[in-house]
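Peer 1: What follows is a structure written as structure tokens; I'll ask about it next.
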Amino acid sequence: QVQLVESGGGLVQAGGSLRLACAASGRSFSGYAMGWFRQAPGKEREFVAGINWSGTSTYYADSAKGRFTISRDTAKNTVYLEMNSLKPDDTAVYSCAARRGLVSTNWLIHQYWGQGTQVTVSS
């Protein structure tokens with residue numbers, strides 16, 4: 001059974017940092033791109049960051065550039081999202097997702113999803 005399990009969410013003050021982790025299990029994710037998406041109440045799910053299967057290419061939403069860093073440890077089947085200089089607008093449920101092939105900002109074409117972790121940034 002394929003599982004993606006996120007961790008690391010929580011409550012932080014504006015300007016603070018959090019590190020999210022997404023541990024994958026149940027199959028090999030070689031050849032799979034990984035992405036982080038988020039969804040705030042009343043808003044659509046949006047792409048935050050993505051990384052190719054080898055970890056050599058990364059992609060970011062404009063809102064994440066310069067503040068967030070995505071990385072992956074292929075040996076541990078884990079993807080990370082380091083979030084710095086957090087803002088109240090970053091408050092959302094953050095989910096990781098996997099898709100075979102290239103990184104995509106389209107959440108509809110990802111095959112596997114985690115359950116999500118809540119990130120709340122207070123002002």
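The values are calculated or read from the model by the stated rules, or taken from the named source; none is laboratory data. Only a predicted model underlies this, so the values are computations on that prediction, with no experimental measurement involved. For neighbour counting, all protein chains shown are included, and Cβ atoms are generated from backbone atoms with ideal geometry for every residue, glycine included. With ligands, DNA and RNA removed, areas are computed over all heavy atoms of the protein, side chains included. Shrake-Rupley method; radii C 1.70, N 1.55, O 1.52, S 1.80 Å.
Peer 1: Any idea which of Phe68, Ala23, Gly8 is furthest toward the positive side of the dipole for the chain, if Lys and Arg beta-carbons carry +1 and Asp and Glu beta-carbons -1?
Peer 2: The Cα lying farthest towards the positive end belongs to Ala23.
Peer 1: Next question. Keeping all protein chains in place, calculate the accessible area per residue for the range 15-123 (probe 1.4 angstrom), answer in Å².
Peer 2: Working: 5450 Å² over 109 residues.
Value for the range 15-123: 50 Å² per residue.
Peer 1: Further question: Share of the chain's accessible area from carbon and sulfur, percent, 1.4 Å? Don't jump to the answer; show the numbers that get you there.
Peer 2: Details: 3030 of 6350 Å².
With neighbouring chains kept in place, the figure for the chain is 48 percent.
Peer 1: Another question about this same structure. Quick one: what does P(r) look like for the chain with 5 Å bins over all Cα pairs, in whole %?
Peer 2: 2, 13, 24, 27, 19, 10, 5, 1, 0
Peer 1: Using a simple charge model, +1 on the beta-carbon of Lys and Arg, -1 on the beta-carbon of Asp and Glu, nothing else, what dipole does the chain show about its Cα centre, in debye to the nearest 20?
Peer 2: I would put it at about 240 debye.
Peer 1: For the range 1-64, what is the convex hull volume of its Cα atoms per residue in Å³?
Peer 2: Working: hull volume 8.0 nm³, N = 64.
In the range 1-64, the Cα hull volume divided by residue count equals 125 Å³.
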